[in-house]
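Undergrad: Quick one: structure below, then a few questions.
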Amino acid sequence: MSQNDTRAYLASARAWLAEQAPAYSGAARRGLSVEEDLALGRRWLHLKSEHGYAAITMPKIYGGGGGTEIEKVIFTNEENNYDLPTGYFGISLGMPVPMLLKYASEEVLRELVPPAIRGEQIWCQLFSEPAAGSDLAALTMRATPDGDGWRLNGQKLWTSWAQYSDWGVVVVRTDPTVPKHAGLTYFYVDMKSPGVEVRVIPKLAGESEINEVFFNDVFVPDAQRMGGVGGGFKVAMETLMIERYAVSDEAVGGISVEKFVDLAMRTRINGQPALADGEVRRLIADTVAERQGLRSIHRRAMAAIAAGTEPGPEGAIRKLLGARRRQQVSAVAMDLLGVDGVIMTEGAQPTEDFTESWIESPPLRIAGGSDEILRNTIAEKVLGLPQDHRPDKGIPFNKLS
Amino acid sequence: MNFDFSADQKELADHARRFLGESCTFDRLRDNMAGEEAYDRSLWQQMVELGWTAINIPEAQGGLGMGSLELCLLSEEVGRVLAPVPFFSTVCLGAHILNQLGQESLREQYLPPIAAGESVVAVALMPGLGQLEYADGCASGALGPVAWLGAADLLISRARDNHGTECLVLIDAKHATVARRNIDGVVLDGLVRHGQAEFSATPARLLASGDEARRLIELALAQAAILTAFEQLGGAQACCEMARDYSLERYTFGRVIGGYQAIKHKLADVQVEIELARSNAYYGAWALATDAAELARAAALARISATEAFTLAAEENLQVHGGIGYTWEANCHFYYQRARLLAINYGNADYWSQQLLAGLQAAH
Ligand SMILES: Cc1cc2nc3c(=O)[nH]c(=O)nc-3n(C[C@H](O)[C@H](O)[C@H](O)COP(=O)(O)OP(=O)(O)OC[C@H]3O[C@@H](n4cnc5c(N)ncnc54)[C@H](O)[C@@H]3O)c2cc1C
């Protein structure tokens, strides 16, 4: 894509969003129940799919945009300027559906991908379990052969949006007699199958997207296996990497630095304008400097994508810094608000309400690679430092104590 | 200064810890949050029976005549379990302020019901909570958010008279001219119920005005800072213990997570902050008990360190728990929210830093 093409694409995406997005974002979402917001999200995705803006990189025959990775990044960056109800589909279109494109037959793709791209169906990702989070390969949910398929038994945990999902991708243990990474297999499952039970897990605050999912003798045809028997860990890792460069917004879903500056302009510290306070100025400067640096990293990654090479593990940097920054900036904002910070705006998004932004920041430091795991990744993959000692290495799973 | 609590005081603290550990469980906190009652009345009643509401009230007014050191220790224990009762505003502040008053008739009237647990007090001292105008025995204006204002029997508030002079007034919070409401819906830390109220020509007793009012407010804020620091210390300590216990239980990659240096160093950093906070809180306790000249400075130090410690401990406790830490069922969120509430209530870090620096400059 030439620079001119990029500019033209950006201009038309921006114009299209300016015309369409307001009816689906901001004031249009205020006061909606989750069900209503989800319905609005489905309509937004459907509208995008009619204009080539849904699943931009996926083939047109399945309802995707047939575009490039760069176009997707450009569009998503612009789209993030509006708080649109896109969160419900982030995992669905970000990981399981792209994996399906790699592993499923033409017939399956024609049946399952279009409804996902139009927002009629949602896919979830059933990886984590009670005793398997950071250490995914420690999972215990079993699949045992049964005729031309498998029987699934066990429990998944933290499955985002499972309560609204039609399909899911799942990693299970098919062979406990080999070391833990080697005995896993990957399937896609119909979430409406008999024996699947989804229970919402109440969160610290707000409406919950997280669930526990129980599998009780759930039958899955072998045709729904993705990858080889025993090859599940590799496919799971591929899933986590597939969104080659996740386009999160710069404030990782929280309050922007611009909104923080606005607040600092209208609040006071010890009688002086907060914006005149040295510590506040330093925080703003640090945040903006970090954002600028991350933008450059982002641009380098985009260049790598455009050149057809993989961006490095530097992508982890954005999440590592962004999550902590959001927590910190939101906390200082609450300091500026004083006791008024105890009151949250009913139904407000974390992009609009400082307390909401703060209260919903902890999972960003945990899900999808915790701060500590990301640091390990940077130390090991970028700096080449040795891994911590892992006593379970090479030992058959059923021999682990 | 080499300060420590006496054996009797430590025994009181041990007893309080055992009692609260058994009676103020996390499930009880969840029930409280889901329920209609502003505070946990049966827990409050038990505390009354233990004499906690009478602790700093003179014997002449039906109290136990103990001092602020006992309050420090109880505040730490209340903070450790996040007891959903108006102990801080009623006993630590309300009884304290009334106790300082020169007029015996006021003390006679208002202290015995507090000692007996029949009177809950809300206190509004920080600027920025709204404004009350006082004139001719009446107060008008609006206040909020103020902790426990919706449930209180009495309100002690800062006000201004018609000459603009600072004063301190006492109001029957249940009077018909007080339009008050609990702040419901989505709030930070639903265990400390905040309220808002409008006052229109509400009968008010003038407790003090001018220099005397300023002196009382300053003293009350120092008391608030030090006792809040103890509350924060209790919370921080609870977080650190929770995180340590969990890190000894949770396995990843075949090892307890507490064995990873990333987790060990994290918890060591928390412990270091707690040790600092404890030292500064004890310094504050000593200054409070001896009415030391350094009281204002000690209050600021105690508060700054305690806010640092509790913030870090609460955030990292949740982090160490991983995904489970973010659920309603796990208990990390109670502390995560309380840490932030106490960081912004009764003066945030900026306010106390300013107090500390003003003191340092004056001494220079
Ligand atoms: C909001 C939310 C949504 C989620 N959505 C999904 C989903 O849709 N699908 C899904 O499969 N999962 C999902 N997850 C699960 C998520 O991936 C896990 O929570 C995450 O991998 C961490 O695992 P854990 O919670 O078991 O914590 P643990 O792995 O038990 O970690 C506990 C603590 O130990 C630390 N730790 C662990 N190992 C090490 C080490 N080797 N060195 C140093 N420190 C270490 C961690 O950093 C953390 O602080 C979600 C989680 C959340 C909070």
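Undergrad: Considering only residues that are open to solvent by 10 Å² or more (accessible area, probe 1.4 Å) and either within 12 Å of the ligand (Cβ to nearest atom) or charged (D, E, K, R) (or both), which ones fall in the stretch B:304-319?
TA: Matches in the stretch B:304-319: B:Glu308, B:Glu315, B:Gln319.
Undergrad: Enumerate the helices (runs of 4 or more DSSP H) found wholly within the stretch B:40-113, keeping only those where 2 or more residues are farther than 26 Å from B:Ala277 by Cβ and not charged (D, E, K, R).
TA: B:41-49, B:96-99
Residue-wise test of (1) outside the structural domain of B:Glu315 (by TED's automatic domain parsing); (2) among the acidic types (Asp, Glu); (3) more than 30 Å from B:Leu356 (Cβ to Cβ).
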residue	(1), (2), (3)
B:Glu241	no, yes, no
B:Lys264	no, no, yes
B:Leu276	no, no, no
B:Ala293	no, no, no
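Undergrad: In the list B:Thr228, B:Thr202, which residue meets the criterion of being more than 16 Å from the ligand (Cβ to nearest atom), hydroxyl-bearing (Ser, Thr, Tyr), in the same structural domain as B:Leu125 (by TED's automatic domain parsing) and crowded, with 20+ Cβ neighbours inside 10 Å? Walk me through how you get there before you give the answer.
TA: Numbers: B:Thr228 fails: in the same structural domain as B:Leu125 (by TED's automatic domain parsing).
When all the criteria are applied, what remains is B:Thr202.
Undergrad: Can you tell me which residue within the stretch A:240-276, out of those that are assigned to a helix (DSSP H, G or I) and either at pLDDT below 90 or in contact with a Ser or Thr (Cβ under 9 Å, 6 or more places away or on another chain) (or both), is most open to solvent (accessible area, probe 1.4 Å)?
TA: For the stretch A:240-276, the residue satisfying everything is A:Met241.
Undergrad: Taking the stretch A:134-164 on its own, how many of its residues are open to solvent by 10 Å² or more (accessible area, probe 1.4 Å), in contact (Cβ under 8 Å) with a residue 40 or more places away in the chain and not hydroxyl-bearing (Ser, Thr, Tyr)?
TA: The number of residues fulfilling the criteria is 13.
Undergrad: Another one. Quick check on my filter: what residues within the stretch B:152-165 are open to solvent by 20 Å² or more (accessible area, probe 1.4 Å) and in contact (Cβ under 8 Å) with a residue 24 or more places away in the chain?
TA: Within the stretch B:152-165, B:Asp153, B:Arg158, B:Arg160, B:Asp161, B:Asn162, B:Thr165 qualify.
Undergrad: What about B:Arg80, is it among the basic types (Lys, Arg) and surrounded by fewer than 21 Cβ atoms within 10 Å (Cβ to Cβ)?
TA: No.
Undergrad: Then there's this: Tell me, which helices (runs of 4 or more DSSP H) lie completely within the stretch A:55-103 with 3 or more residues that are in contact (Cβ under 8 Å) with a residue 40 or more places away in the chain and within 16 Å of the ligand (Cβ to nearest atom)?
TA: Where helices (runs of 4 or more DSSP H) fall fully within the stretch A:55-103 and carry at least 3 residues being in contact (Cβ under 8 Å) with a residue 40 or more places away in the chain and within 16 Å of the ligand (Cβ to nearest atom), they are A:90-94, A:96-103.
Undergrad: Still on this structure: Can you name the residue in the stretch B:235-258 that is hydrophobic (A, V, I, L, M, F, W, C) and within 8 Å of the ligand (Cβ to nearest atom) and is also farthest from the chain's Cα centre (by Cα) among such residues? Give the steps one after another, and end with the answer.
TA: Step one: of the stretch B:235-258, the residues hydrophobic (A, V, I, L, M, F, W, C) are B:236, B:238-240, B:242-243, B:248, B:253, B:256-257.
Filter again for within 8 Å of the ligand (Cβ to nearest atom), leaving B:253, B:257.
Details: B:Phe253: 42, B:Ile257: 34 Å.
Applying the filter and picking the extreme gives B:Phe253.
Undergrad: In this structure, does B:Tyr283 turn out to be out of contact with any Lys or Arg (no Cβ under 7 Å at 6 or more places or on another chain), assigned to a helix (DSSP H, G or I) and within 14 Å of chain A (Cβ to nearest Cβ)?
TA: Values: out of contact with any Lys or Arg (no Cβ under 7 Å at 6 or more places or on another chain): yes; assigned to a helix (DSSP H, G or I): yes; within 14 Å of chain A (Cβ to nearest Cβ): no.
In short, no.
Undergrad: For B:Leu170, which of the numbered conditions (1) open to solvent by less than 30 Å² (accessible area, probe 1.4 Å); (2) among the hydrophobic types (A, V, I, L, M, F, W, C); (3) closer than 23 Å to A:Gly338 by Cβ fails to hold?
TA: (3)
Undergrad: Taking B:Trp148 as meeting all but one of (1) over 30 Å from A:Asn270 (Cα atoms); (2) in contact with a Pro (Cβ under 6 Å, 6 or more places away or on another chain), write down the number of the exception.
TA: (1)
Undergrad: Here is a follow-up. Tell me, which residue of the stretch A:104-119 that is in a loop (DSSP other than H, G, I, E, B) and touching a helix residue (DSSP H, G or I) at 6+ places or on another chain (Cβ under 6 Å) is nearest to the ligand (Cβ to nearest atom)? Break it down stepwise before answering.
TA: Looking only at the stretch A:104-119, we keep the residues that are in a loop (DSSP other than H, G, I, E, B), and these are A:104-105, A:118-119.
If we keep only those that are touching a helix residue (DSSP H, G or I) at 6+ places or on another chain (Cβ under 6 Å) too, we end up with A:118-119.
Values: A:Arg118: 21, A:Gly119: 18 Å.
The residue in question is A:Gly119.
Undergrad: Applying the selection to the stretch B:42-77, what residues are of a type in the set (A, V, I, L, M, F, W, C), open to solvent by 40 Å² or more (accessible area, probe 1.4 Å) and under 23 Å from B:Ile226 (Cβ atoms)?
TA: B:Leu50, B:Leu64, B:Met66
Undergrad: Could you grab me the full set of residues in the stretch A:179-208 that are out of contact with any Lys or Arg (no Cβ under 8 Å at 6 or more places or on another chain), on the phi < 0 side of the Ramachandran plot and open to solvent by 40 Å² or more (accessible area, probe 1.4 Å)?
TA: Across the stretch A:179-208, the qualifying residues are A:His181, A:Ala182, A:Asp190, A:Lys192, A:Pro194, A:Glu197, A:Val198, A:Arg199, A:Val200, A:Pro202, A:Glu207.
Undergrad: Using the structure shown, decide if A:Phe215 is buried (at least 20 other Cβ atoms within 10 Å of the Cβ) and more than 12 Å from the ligand (Cβ to nearest atom).
TA: yes
Undergrad: Something else: Can you name the condition, by its number, that A:Glu79 falls short on among (1) modelled with pLDDT under 95; (2) within 22 Å of A:Arg199 (Cβ to Cβ)?
TA: Every condition holds for A:Glu79 apart from (2).
Undergrad: In the stretch A:314-388, which helices (runs of 4 or more DSSP H) lie fully inside it and hold 3 or more residues that are open to solvent by less than 20 Å² (accessible area, probe 1.4 Å) and more than 9 Å from chain B (Cβ to nearest Cβ)?
TA: Working: elements: A:315-337, A:354-359, A:371-377.
Hits in the stretch A:314-388: A:315-337.
Undergrad: Give the stretch B:17-41 a look and list any residue that's over 19 Å from B:Cys239 (Cα atoms) and open to solvent by 70 Å² or more (accessible area, probe 1.4 Å), or say none.
TA: B:Asp31, B:Ala34, B:Glu36, B:Glu37, B:Arg41 - these are the residues of the stretch B:17-41 that are over 19 Å from B:Cys239 (Cα atoms) and open to solvent by 70 Å² or more (accessible area, probe 1.4 Å).
Undergrad: What are the pairs, 6+ residues apart or on separate chains, where a residue within the stretch B:123-136 that is of a type outside the set (Gly, Ala, Ser) has its Cβ under 8 Å from a residue that is at pLDDT below 90 and open to solvent by less than 10 Å² (accessible area, probe 1.4 Å)?
TA: Short answer, once both residue conditions are applied: B:Met126/B:Gly347.
Undergrad: Of all residues being crowded, with 24+ Cβ neighbours inside 10 Å and closer than 21 Å to B:Gln271 by Cβ in the stretch B:326-335, which is nearest to the ligand (Cβ to nearest atom)? Just the residue, please.
TA: B:Cys332
Undergrad: What about A:Pro273, is it under 28 Å from B:Pro127 (Cα atoms) and not hydrophobic (A, V, I, L, M, F, W, C)?
TA: yes
Undergrad: Just give me the residues in the stretch A:120-154 being closer than 21 Å to A:Phe219 by Cβ and within 12 Å of the ligand (Cβ to nearest atom), in sequence order. Lay out the reasoning, then the answer.
TA: Step one: filter the stretch A:120-154 for residues closer than 21 Å to A:Phe219 by Cβ, giving A:121, A:123-127, A:129, A:139-154.
Answer for the stretch A:120-154, where residues must be closer than 21 Å to A:Phe219 by Cβ and within 12 Å of the ligand (Cβ to nearest atom): A:Trp123, A:Cys124, A:Gln125, A:Leu126, A:Phe127, A:Glu129, A:Leu139, A:Met141.
Undergrad: Looking at the structure I just gave you, is A:Pro391 facing chain B (nearest Cβ under 8 Å) and either in contact with a Cys (Cβ under 7 Å, 6 or more places away or on another chain) or assigned to a helix (DSSP H, G or I) (or both)?
TA: Values: facing chain B (nearest Cβ under 8 Å): yes; either in contact with a Cys (Cβ under 7 Å, 6 or more places away or on another chain) or assigned to a helix (DSSP H, G or I) (or both): no.
No, not satisfied.
Undergrad: Moving on. Among the numbered criteria (1) more than 18 Å from the chain's Cα centre (by Cα); (2) within 14 Å of chain B (Cβ to nearest Cβ), which one does A:Leu136 miss?
TA: Checking A:Leu136 against (1) more than 18 Å from the chain's Cα centre (by Cα); (2) within 14 Å of chain B (Cβ to nearest Cβ), the one that fails is (1).
Undergrad: Here's something else I'd like to know. Just to be sure I understand, how many residues within the stretch A:178-212 are more than 14 Å from chain B (Cβ to nearest Cβ) and outside any loop (DSSP other than H, G, I, E, B)?
TA: At the first step, the residues of the stretch A:178-212 found to be more than 14 Å from chain B (Cβ to nearest Cβ) are A:178, A:182-198.
Among the residues that remain, those that are also outside any loop (DSSP other than H, G, I, E, B) are: A:182-190, A:196-198.
Residues in the stretch A:178-212 being more than 14 Å from chain B (Cβ to nearest Cβ) and outside any loop (DSSP other than H, G, I, E, B): 12 in total.
The values are calculated or read from the model by the stated rules, or taken from the named source; none is laboratory data. Just so you know, these numbers come straight off a predicted model, no measurement behind them. Here the Cβ is made from the backbone with ideal geometry for all residues, glycine too, and neighbour counts use every protein chain on show. Areas reflect the complete protein model, heavy atoms only, side chains present, ligands, DNA and RNA absent. Shrake-Rupley method; radii C 1.70, N 1.55, O 1.52, S 1.80 Å.
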